[in-house]
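The values are calculated or read from the model by the stated rules, or taken from the named source; none is laboratory data. The structure presented is a predicted model; accordingly, all values stated were derived computationally and were not measured. A quick note on method: Cβ atoms are made from the backbone with ideal geometry, for glycine too, and the neighbour counts reach across all protein chains shown.
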Amino acid sequence: MRLDDVEGDAGIEDRRGQRGAGGLGGGLGGMKIGKGGGIMGIVIALVIAFVGRGALSGGGGGGGTGIDVGDILGQMGGGQANVASAPTDAGGGAKDAQYEFVNDLAIVLEDYWSTQFSSSNQNFTKAGIVLFDAPTSTGGCGVGQPEFGPFYCPGDSKIYIDLTFYEKLENQLGFSGDFAFAYVMAHEYGHHIQNLLGINAQVTEASRGASQEEANDLSVRTELQADCFAGAWAKSAYDDERLEAGDFDEAINAARAVGDDAIQRKSTGQVNPEAWTHGSSADRQKWFRTGFDSGNPSSCDTF
Ligand SMILES: [Zn+2]
């Protein structure tokens, strides 16, 4: 992916290196899952996060916990950016290559979505971006755990990204590439767009009192829409000549790898569609392509 021409400061909050500073005041604070838990540990963390979500969202309070605390895309998704192996500036707080990559990607995403919003006369506010590598507090989503991978918190409109986690996942899932990373971040940005459009709130409302099956179905539709939004953005990146050879395939491959069936097969050897919360590999690829082919977020009606 080409980002060298991108200028500006996305205002990333860099909380890396603040190990142990997260406190455990939030609703998920009781969870402790070892970092070495491997894929099963990750999946368990996810299930707890999903169950916890209902309890938390019933608690009134601020922005709710939304759809994406413990986003399975983050759990299993991602892929190490090419920049991850680039030499980094030594020294605490230095703006390393990973930081710069996320910064530039955030700016390109903001540009795209602010243009989309202004062309339909809607107010756009950008998502906050937090880099973290240890339990960290959020504004309404409990304590963010690195085990969750990247997630979006509607309460404070921030995307939480743990870069070190990506590197582990690359080894576990065997996919990689900077555009796989871009797909993941664009997916999380898609949840921010849903938040701005009131879709998160509608889904949370509709999920209240719904059966588990209905709630899962709403979750899948929400996640597939975020994939489609990511695809629509990716088309603009393509049009702006930001994609390099293989980039599109990196995203499609990532969308396949984070399908619920692929993850279930990998973690338990069995596939149980009733438990899906993010959609099958085929559907995730399909909706990413739908967004890409149309280049228009309004094609992303998954509901
Ligand atoms: Zn998601």
Note to self: Condition check: closer than 19 Å to residue 189 by Cα and in contact with an Asp or Glu (Cβ under 6 Å, 6 or more places away or on another chain). Does residue 284 satisfy that?
What the structure shows: yes
Next item on the list: Can you tell me which residue within region 175-184, out of those that are away from the ligand (no atom under 12 Å from the Cβ), assigned to a helix (DSSP H, G or I) and not acidic (Asp, Glu), is surrounded by the fewest Cβ atoms within 10 Å (Cβ to Cβ)?
Entry: 179
Check: For residue 194, are the conditions met, namely being more than 10 Å from the ligand (Cβ to nearest atom), under 19 Å from residue 140 (Cα atoms) and modelled with pLDDT of 90 or more?
Finding: no
Margin query: Given the criteria part of a loop (DSSP other than H, G, I, E, B), of a type outside the set (Phe, Trp, Tyr) and at pLDDT 85 or above, does residue 139 qualify?
Written below: yes
Note to self: When the residues of region 185-207 are narrowed to those that are touching a helix residue (DSSP H, G or I) at 6+ places or on another chain (Cβ under 6 Å) and closer than 26 Å to residue 3 by Cβ, which ends up surrounded by the most Cβ atoms within 10 Å (Cβ to Cβ)?
What the structure shows: 187
Note to self: Within region 245-255, does at least one residue satisfy the condition of being modelled with pLDDT under 95, within 13 Å of the ligand (Cβ to nearest atom) and either within 25 Å of residue 195 (Cα to Cα) or assigned to a loop (DSSP other than H, G, I, E, B) (or both)?
What the structure shows: yes
Notebook entry, point to check: Which members of region 100-129 meet the condition of being surrounded by 21 or more Cβ atoms within 10 Å (Cβ to Cβ) and under 15 Å from the mean Cα position of the chain (by Cα)?
Noted result: 102, 105, 106, 109, 127, 129
Check: Tally time: how many residues in region 258-285 are under 18 Å from the mean Cα position of the chain (by Cα) and of a type in the set (Lys, Arg)?
Finding: 1
Next item on the list: Taking only region 227-244 into account, find how many residues are in contact with a Ser or Thr (Cβ under 9 Å, 6 or more places away or on another chain) and in a helix (DSSP H, G or I).
Entry: 6
Next item on the list: Filter region 271-298 down to residues that are more than 10 Å from residue 259 (Cβ to Cβ) and either within 15 Å of the ligand (Cβ to nearest atom) or of a type in the set (D, E, K, R) (or both) and give me whichever is surrounded by the fewest Cβ atoms within 10 Å (Cβ to Cβ).
Entry: 274
Next item on the list: Please tell me if residue 178 is over 25 Å from residue 264 (Cβ atoms), charged (D, E, K, R) and modelled with pLDDT under 90.
Entry: yes
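To keep it simple, each residue is scored yes or no on (1) farther than 22 Å from residue 232 by Cβ; (2) in a strand (DSSP E or B); (3) within 16 Å of the ligand (Cβ to nearest atom).
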site	(1), (2), (3)
100	yes, no, no
124	no, no, no
129	no, yes, yes
133	yes, no, no
Check: Hey, among 234, 210, 230, 251, which residue is surrounded by 24 or more Cβ atoms within 10 Å (Cβ to Cβ) and over 17 Å from residue 296 (Cβ atoms)?
Finding: 251
Next item on the list: Give me a count of the residues in region 145-173 that are over 16 Å from residue 185 (Cα atoms) and at pLDDT 90 or above.
Entry: 2
Note to self: Kindly evaluate residue 262 against the criterion of being in contact with a Ser or Thr (Cβ under 9 Å, 6 or more places away or on another chain) and modelled with pLDDT under 95.
What the structure shows: yes
Notebook entry, point to check: Would it be correct to say that residue 206 is in contact with a Gly (Cβ under 7 Å, 6 or more places away or on another chain), more than 15 Å from the ligand (Cβ to nearest atom) and of a type outside the set (Val, Ile, Thr)?
Noted result: no
